[in-house]
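Values in this text are rule-based calculations from the coordinates and carry no lab data. What you see is a predicted model, and the numbers here were worked out from it, not measured in a lab. Cβ placement follows ideal geometry from the backbone for every residue including glycine, while neighbour counts extend to all protein chains displayed.
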Amino acid sequence: MRILLIGPPGAGKGTQAVRLAAYLSIQHISTGDLFREHIDRGTDLGQNAHTHIHAGLLVPDEVTIGVIKERLARPDTERGFLLDGFPRNLAQAQALDGILADSESRLDAVLDLEIPEVQVVRRIAGRRLCRQHREHIFHVDYSAPEVAGVCDFCGGELYQREDDREATVRKRLEVYRTETAPVVDHYQALVTTISAHGQVQEVLDRALDAIGQGQADAAGTSS
Ligand code: AMP
């Protein structure tokens, strides 16, 4: 199965993407995570990406499309993938269409996570990530770890993403409205809009319903 997960910052894309991909046994591919890995490794690409991420802007298309092209060429994507955070504008959507056409494959579904903007800043301000495993995501209010500042899964230290500060979040929202929202129209025929409101499991159940996979049981969704 090949799925796109679209939604504004703070909609819980990363949280849902990890669970959906695990449930469906497909690769979770997050361009944000790929960039953060480059930043941690101190590569030239990472330094370039960091400048844009820090400002709440999109990383240039030629860089982003190159990263995704390389990732989708790996054999582990043959069973399917869930793209989290790509495409983020029309040029990237067209590039993805070309990559898929070249491999004679196509998308099965596009999930559009919806959240009122007023909730975004609060949700993002409380987000905490694990330093050991970025896919271990918590929220101080909605999904708190048992011990503050410590990952429930691996004991890693939890931290706040640098671009989760309020001024950057507002810029990211503006970029989402102008650049990413049109991607939803581009994929109109494949799109299901899902409310991001509520508990993590409720949103996951909505997403699975939307792709015809029924209700997830708790055992199948732990990350
Ligand atoms: P995310 O983890 O998806 O919120 O991404 C974090 C940041 O990485 C974004 O705010 C952008 O600066 C950058 N980024 C992630 N995905 C893309 C993309 N598809 N195109 C351009 N920039 C991206």
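Brief remarks follow.
- The chain - charge dipole about Cα centre, Lys and Arg +1 at Cβ, Asp and Glu -1, debye rounded to 20: 340
- The chain, relative contact order in percent, only Cα pairs under 8 angstrom and at least six apart counted: 30
- Under-5 Å amide H pairs with Arg161, H placed in peptide plane, nonlocal only: Leu129
- Computed magnitude of the charge dipole of segment 113-212 (debye, nearest 20; Cβ of K, R +1, Cβ of D, E -1): 300
- Ordering His139, Thr168, Gly149 by Cα displacement along the dipole of segment 138-220 toward the positive end leaves Thr168 in first place; charges were set at the Cβ atoms of Lys, Arg (+1) and Asp, Glu (-1).
- For the chain, the gyration tensor built on C-alpha atoms gives a rounded shape. Its axis ratio a/c (a ≥ b ≥ c) stays under 1.5.
- Magnitude of the charge dipole, segment 1-127, Cβ model with Lys/Arg +1 and Asp/Glu -1, debye to 20: 460
- Interchain or long-range residues, amide H under 5 Å from Asp152's placed H: Glu146
- Residue (of Gly42, Leu5, Gly98) at the positive-pole extreme of the chain, dipole from beta-carbon charges: Gly42
- Cβ distances below 4.7 Å define possible disulfide partners, and in the chain the cysteines left without one are Cys154.
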